[in-house]
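Undergrad: Sharing a structure, written as structure tokens. Questions coming.
Bear in mind these aren't lab numbers, they're just calculated from the coordinates by the rules spelled out. Since the model is a prediction, treat every value here as computed from it, not as a measurement. Backbone-built Cβ (ideal geometry, glycine too); neighbour counts: all protein chains shown.
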Amino acid sequence: MSNHWSFKYTPIPEGARRVTGGEWEKIALAKLDDPKADPEEALWAVIQMYCGTGRHPVGLGYMEKMVAAAVDPEKKALCYLALGGIMEQVNDYKAAIGWYRRALGLEPTHSGTWYFINNNLGYCLNHFGKFTEAGNYCRRAIALDGERYNAHKNLGISLQGQGLVGEAARCFVRAVQLEAADPRALRHLEDLLAENPGLATAQLDIFEDLLKCREAVRAVQEEREARMREG
């Protein structure tokens, strides 16, 4: 294990507090009706609100308006990315893959959009056991932005599915280091080591990294819970 083991996480904004679904809807719809607000940003806010509160059919209705208004290929690719995300939320991974492939066909140039199209496509392909193909998309995402944790986590799942457990463990550790606020990579690492107990014996640094990952995730969760109680 490196002597310089460290981790990062996304902090909760100052003054943040939990809002009810009703409050969120009121805020989003008010923004949509505000003539001073950017219409596109307001529409995105409404889509996120409805999908975030489990009302995906309503969100899809607003999404159709967004797609119809999108002329620029970059914006249309972003819409397809969002549609894929909505399909993921309702566990329709086959439909999500279709939207992500359509987005790829537009060849968006914005690195953030391009990153998540590749990452999300890899994530969905993992669900169907297409681990080699999924890994290729995850690697493309990492090449675009290696400082985001998502593709490292999904590449780990791909590698685990291919039987490359040592490499998979490293990916999960890297994902925790890049975003300790998301505990999923830690859970994957724990499951991987539980299924492959010999790995920790053969590579002691992996076990040490596991302990550091647990410590990082626990510290972030405790800090966030304290912040929310204060808010």
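Undergrad: HN-Hα J couplings of the stretch 30-41 from phi, Karplus 6.51/-1.76/1.60, θ = phi - 60°, integer Hz, Gly and Pro as x?
TA: My calculation for the stretch 30-41 gives 5, 5, 5, 8, 7, x, 8, 7, 5, x, 5, 5 Hz in order.
Undergrad: If neighbour count is taken as other Cβ atoms inside 10 Å, put HIS152, HIS127 in order from fewest to most.
TA: Exposure proxy ranking, most exposed first: HIS127, HIS152.
Undergrad: Related question: Taking only C-alpha pairs under 8 Å that are 6+ residues apart, what is the relative contact order of the stretch 96-186 in percent? The partial results should precede the final answer.
TA: Numbers: 124 pairs, mean separation 19.6, N = 91.
Rounded, it is 21 percent for the stretch 96-186.
Undergrad: Tell me, what is the Rg over Rh of the chain, with Rh the Kirkwood radius over Cα pairs?
TA: Using only Cα positions, Rg/Rh for the chain is 1.01.
Undergrad: Taking the radius of gyration and the Kirkwood hydrodynamic radius from Cα positions alone, what is the Rg/Rh ratio for the stretch 37-82, to two decimal places?
TA: Rounded to two decimals, Rg/Rh equals 0.96.
Undergrad: Can you give me the Rg/Rh ratio for the stretch 89-152, using Cα atoms for both radii and the Kirkwood formula for Rh?
TA: On the way: Rg = 11.0 Å, Rh = 11.6 Å.
Over the Cα atoms of the stretch 89-152, Rg/Rh equals 0.95.
Undergrad: Can you give the percent of C-alpha pairs in the stretch 76-210 whose distance is more than 22 Å?
TA: Every Cα pair in the stretch 76-210 considered, those over 22 Å come to 37 percent.
Undergrad: Take the chain, connect every pair of alpha-carbon atoms lying under 10 Å apart with a spring to form a Gaussian network, then pick out the residue of GLY54, GLY22, GLY161 with the largest mean-square fluctuation.
TA: GLY22
Undergrad: Taking the chain as a Gaussian network, Cα atoms linked when under 10 Å apart, which of ALA143, ALA37, ALA151 shows the biggest mean-square fluctuation?
TA: ALA37
Undergrad: What is the P(r) of the stretch 181-224, as percent of Cα-Cα pairs per 5 Å bin from 0?
TA: Percent of pairs per bin, in order: 5, 24, 29, 21, 12, 6, 2, 0.
Undergrad: Under unit Cβ charges (Lys, Arg +1; Asp, Glu -1), what dipole magnitude, rounded to 20 debye, does the stretch 134-231 have relative to its Cα centre?
TA: Once rounded to the nearest 20, the dipole reads 280 debye.
Undergrad: Still on this model: For the chain, what is the calculated [θ] at 222 nm in deg cm²/dmol (nearest 500), taking -39500 (n - 2.57) for each run of four or more DSSP H residues and dividing by its residue count?
TA: Counting only the DSSP helices, I get -24500 deg cm²/dmol.
Undergrad: Any idea what the dipole of the chain comes to, in debye rounded to 20, about its Cα centre with Lys/Arg Cβ at +1 and Asp/Glu Cβ at -1?
TA: About 280 debye.
Undergrad: Shifting gears a bit: Based on alpha-carbon positions alone, could you give the equivalent ellipsoid semi-axes of the stretch 124-191 from the gyration tensor, as √(5λ), descending, whole Å?
TA: Each semi-axis is the square root of five times an eigenvalue, giving 17, 14, 10 Å.
Undergrad: Any idea what the dipole of the stretch 49-133 comes to, in debye rounded to 20, about its Cα centre with Lys/Arg Cβ at +1 and Asp/Glu Cβ at -1?
TA: With only Lys, Arg, Asp and Glu charged at Cβ, the dipole is about 140 debye.
Undergrad: Mind giving me the nanometre distance, one decimal, between the label points for ALA70 and ARG55, set 7 Å out from Cα along Cα→Cβ?
TA: Output for this residue pair reads 2.3 nm.
Undergrad: Have a look at GLY163, ALA143, PRO73 and report the one farthest towards the positive end of the charge dipole of the stretch 28-167, computed about the Cα centre with Cβ charges (Lys/Arg +1, Asp/Glu -1).
TA: Highest projection toward the positive end goes to GLY163.
Undergrad: Still on this model: Taking a temperature of 10 °C and a viscosity of 1.306 mPa s, what whole-number D in µm²/s does Stokes-Einstein yield for the stretch 39-127 with Rh from Kirkwood over alpha carbon pairs?
TA: Numbers: Rh = 12.9 Å.
In µm²/s, the coefficient rounds to 123.
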